[in-house]
Amino acid sequence: MRFFKYSILTILGILLASFKVQTTQQILYLPLGDSYTICTGASANEAWPKLLTQHLNDAKIKTTLLDNPARNGFSTQNLIDRELPLLKKLKPNFVTLLIGVNDWVREVPIATFEKNLIFIIDEVQNQLTDKTKLILITIPDFGITPTGKGYGAGRNISKGILEFNTIIINQGKKYNLLVVDIFDLSKKMKDDATLVANDGLHPSAKEYAEWEKLILPVTVKLLK
């Protein structure tokens, strides 16, 4: 009887220790995307994934930024080819995804964009222990920047980006994922030159910081 009692206590101790490990799990963060994730127009320390990591740690959520493999000009296909392989190598347990602007600029069919987006979401979730630990972020309206209209090929940029963003939002609902919509916030770049980088196209560090202010509370809610 005494042996049985001690066995139960031992098992309870193991279970409690396991629970403690799970609740204090280190967040291994991998941001996926394009220029808006590598943050072209700002320094590495001003990039919003870097700021997000710092602020999560400030909120007592132990977080490590594994890498920032996003690159200027990347499309969904580039992300599939160049960034997704890092999932198996780095084994993140939290991912953000902001992709699609270069698909639109290069006139990739909207159906192809949606197909690629679904493939990316599926691949990320297949590598995550908790499939909800993926946040989708919408595409900003680059058309309102000083040089942005030059990348529209005569098309309505705002309308086109909104169509792509509708797909992102709908896929977020389908997969029960959190979505951070930065589209409206990005429109402030039209009337505030300090929010635009020197190239007249990309956001400035100040604008990226504003995005992070929207992303942070959603991330804290998800990870706590």
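Read the figures in this text as sums done on the coordinates, not as results from a lab. None of these values were measured; they are calculated from a predicted model. Here the Cβ positions follow ideal geometry from the backbone for every residue, glycine too, while neighbour counts run over all protein chains shown.
Net charge around V220, counting only other residues with Cβ within less than 15 Å of its Cβ (Lys, Arg = +1; Asp, Glu = -1)? If you can, show how the numbers build up before the last one.
Working: positive: K60, K62, K133, K213, K221, K224; negative: D58, E212.
Result for the neighbourhood of V220: +4.
Tally Lys and Arg at +1 and Asp and Glu at -1 over the other residues with C-beta under 15 Å from the C-beta of K88: what net charge comes out? Each step should come with its number before you reach the end.
Details: positive: R82, K89, K91; negative: D67, D81, E83, D122, E123.
Within the 15 Å Cβ shell, the charges total -2.
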Given q = 0.11 Å⁻¹, what are the Debye log10 I(q)/I(0) values for the range 18-128, with equal point scatterers placed on the Cα positions and solvent ignored? -0.38
Which shape class, rounded, prolate or oblate, goes with the range 26-223 when its Cα gyration tensor gives a ≥ b ≥ c as root eigenvalues, a/c under 1.5 marks rounded, and past that a/b bigger than b/c marks prolate? oblate
Can you list the HN-Hα couplings for the range 146-159, worked out from phi with the Karplus curve (6.51, -1.76, 1.60; θ = phi - 60°), rounded to whole Hz and with x for Gly and Pro? x, 10, x, 4, x, 9, x, 6, x, 8, 7, 5, 4, 5
Take every DSSP beta bridge with both residues inside the chain and express the antiparallel ones as a percent of the total, to the nearest 5. 5
Going by alpha carbons, how many degrees (0 to 90, nearest 10) lie between the helix axis of 110-127 and the longest principal axis of the chain? 20
By how many nm would the segment from T194 to A59 lengthen if fully extended, with 0.36 nm per residue of separation less the alpha-carbon distance? 45.8 nm
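Using a simple charge model, +1 on the beta-carbon of Lys and Arg, -1 on the beta-carbon of Asp and Glu, nothing else, what dipole does the range 26-223 show about its Cα centre, in debye to the nearest 20? If you can, show how the numbers build up before the last one.
Values: 23 positive and 22 negative charges, 85 e Å.
In debye, rounded to 20, the range 26-223 gives about 400.
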Per-residue counts of other Cβ atoms within 10 Å, averaged by peptide: what ranking do you get for 35-41, 160-166, 57-63, highest first? 35-41, 160-166, 57-63
Inter-centroid distance (Cα atoms) of the range 147-166 relative to the range 34-84, Å: 24
